[in-house]
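S.K.: The structure follows.
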Amino acid sequence: MWHLRRRAALALVVAAFSKAAFARGDSPIIAGAADLKFALEDIARAFEAQGYGRVRLIFGSSGNIARQIEQGAPYQMFLSADEGFVFRLAERGLTRDRGALYAIGRIVIFIPSWSDLQADGSFANLREAIANRRLSRFAIANPEHAPYGVAAMQALQSQGLWEAIRPALVIGENVSQAAQFATTGNSQGGIIAYSYALSPHMNERGRFDLIPEAWHEPLRQRMVLVRNPHPVAERFFRFMMERPAREIMVRYGFVLAGE
């Protein structure tokens, strides 16, 4: 039943975007993984300031966006947090090619200001809180379709904490919702994207610490254009590889491809 409801919701999203896809012909729709929200918004503003045109941004979990594209959503470009979703679309002939690796993501443990937990990327304090039964709610993105949720699960599994923490997990639809849970009193903390923790929206709401990248599979983030893309979307794809966009990505904690 849950899967039927999710498919119905995806169909409604696709229908809504199809009706309004090109109400503004100069504004192609760029779909980005939720971890990119703040960085991509800054990049889109820089893109427009250069006179290249305007894009419309939507954000969600990479898995859900990939499914929406498979179902006909009129997105012109997809920036995934997991390159596997791009490869899947390419194999189905839904993209121009296999795209380009644009960044490697990182995860952090984020603790809101009011919580008595410590922002400790070694998980020592988290382990103690679980053992002492002080942990009741802890947020991550959904590992079923959110790459940052998968990375959070892998990090917890690598330290032998996954089974112990599962009863306390608060699952966000994507890393953006997990970050919301981690800052609004819905959880005592969470594992979120480094890019989110560095955003002005978050930096006064709590504290964070990087989680060792060896504890999870690399978050290889790949972008791709659909077949026959809008010219503005093509220009945005190229802009993502240019210095202004790359500097913004570095500011939000991403490791750039090739560096």
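The values are calculated or read from the model by the stated rules, or taken from the named source; none is laboratory data. Quantities reported herein were computed from a predicted structural model and do not represent experimental measurements. We place every Cβ from the backbone using ideal geometry, glycine too, and count neighbours over all the protein chains shown.
S.K.: Which of the residues spanning the stretch 29-59 are under 28 Å from VAL150 (Cβ atoms), part of a helix (DSSP H, G or I) and of a type outside the set (A, V, I, L, M)?
M.R.: Answer for the stretch 29-59, where residues must be under 28 Å from VAL150 (Cβ atoms), part of a helix (DSSP H, G or I) and of a type outside the set (A, V, I, L, M): ASP35, LYS37, PHE38, GLU41, ASP42.
S.K.: Hey, another quick one. Does the stretch 158-174 contain at least one residue that is touching a residue at least 40 places away in the same chain (Cβ under 8 Å) and among the hydrophobic types (A, V, I, L, M, F, W, C)?
M.R.: No, that holds for no residue.
S.K.: Further, regarding this structure: Go through (1) touching a Gly at 6+ places or on another chain (Cβ under 7 Å); (2) under 23 Å from ALA164 (Cα atoms); (3) crowded, with 21+ Cβ neighbours inside 10 Å one by one and return the number of the condition ILE107 breaks.
M.R.: Going through the list (1) touching a Gly at 6+ places or on another chain (Cβ under 7 Å); (2) under 23 Å from ALA164 (Cα atoms); (3) crowded, with 21+ Cβ neighbours inside 10 Å, ILE107 breaks only (1).
S.K.: Any chance you could count how many residues in the stretch 227-240 are buried (at least 17 other Cβ atoms within 10 Å of the Cβ) and more than 15 Å from LEU79 (Cα to Cα)?
M.R.: So the answer is 2.
S.K.: Kindly evaluate ILE248 against the criterion of being in contact with a helix residue (DSSP H, G or I) (Cβ under 9 Å, 6 or more places away or on another chain), closer than 26 Å to ALA66 by Cβ and not assigned by TED's automatic domain parsing to the domain that holds ALA46.
M.R.: Numbers: in contact with a helix residue (DSSP H, G or I) (Cβ under 9 Å, 6 or more places away or on another chain): yes; closer than 26 Å to ALA66 by Cβ: yes; not assigned by TED's automatic domain parsing to the domain that holds ALA46: no.
It is false that ILE248 is in contact with a helix residue (DSSP H, G or I) (Cβ under 9 Å, 6 or more places away or on another chain), closer than 26 Å to ALA66 by Cβ and not assigned by TED's automatic domain parsing to the domain that holds ALA46.
S.K.: Mind checking which residues of the stretch 89-101 are within 15 Å of ARG227 (Cβ to Cβ) and in contact with a helix residue (DSSP H, G or I) (Cβ under 8 Å, 6 or more places away or on another chain)?
M.R.: So the first thing to find is which residues in the stretch 89-101 are within 15 Å of ARG227 (Cβ to Cβ), and the list is 89-99.
Across the stretch 89-101, the qualifying residues are LEU89, ARG92, LEU94, THR95, ASP97, ARG98, GLY99.
S.K.: Under the condition of being among the basic types (Lys, Arg) and not in a helix (DSSP H, G or I), which residue from the stretch 112-156 is nearest to GLY172 (Cα to Cα)?
M.R.: For the stretch 112-156, the residue satisfying everything is ARG137.
S.K.: Still on this structure: Considering only the stretch 145-161, how many residues are over 12 Å from PHE123 (Cα atoms) and not aliphatic (A, V, I, L, M)?
M.R.: Going through the stretch 145-161 one residue at a time, the tally reaches 5.
S.K.: Given the options ARG166, ARG220, ARG238, name the one that is in a strand (DSSP E or B) and not hydroxyl-bearing (Ser, Thr, Tyr).
M.R.: ARG220
S.K.: Can you pull out every residue in the stretch 68-111 that is more than 16 Å from the chain's Cα centre (by Cα), among the acidic types (Asp, Glu) and in a loop (DSSP other than H, G, I, E, B)?
M.R.: If the condition is that a residue be more than 16 Å from the chain's Cα centre (by Cα), among the acidic types (Asp, Glu) and in a loop (DSSP other than H, G, I, E, B), then ASP97 is the only one that fits.
S.K.: Then there is this: Given VAL175, VAL150, which one is surrounded by 18 or more Cβ atoms within 10 Å (Cβ to Cβ), of a type in the set (Val, Ile, Thr), closer than 30 Å to GLU234 by Cβ and outside the structural domain of GLY32 (by TED's automatic domain parsing)?
M.R.: Of the residues listed, the single one that is surrounded by 18 or more Cβ atoms within 10 Å (Cβ to Cβ), of a type in the set (Val, Ile, Thr), closer than 30 Å to GLU234 by Cβ and outside the structural domain of GLY32 (by TED's automatic domain parsing) is VAL175.
S.K.: Go through the residues of the stretch 18-30 one by one and say whether even a single one is closer than 24 Å to ALA193 by Cα and either surrounded by fewer than 16 Cβ atoms within 10 Å (Cβ to Cβ) or at pLDDT 95 or above (or both).
M.R.: Scanning the stretch 18-30, I find at least one residue that is closer than 24 Å to ALA193 by Cα and either surrounded by fewer than 16 Cβ atoms within 10 Å (Cβ to Cβ) or at pLDDT 95 or above (or both), so the answer is yes.
S.K.: With respect to ALA182, determine if the residue is more than 13 Å from the chain's Cα centre (by Cα), farther than 17 Å from ALA81 by Cα, of a type in the set (Gly, Ala, Ser) and in a helix (DSSP H, G or I).
M.R.: Criteria met by ALA182.
S.K.: With the requirement that a residue be buried (at least 20 other Cβ atoms within 10 Å of the Cβ) and part of a loop (DSSP other than H, G, I, E, B), what does the stretch 241-259 give you?
M.R.: Passing the criteria: TYR252, GLY253, PHE254.
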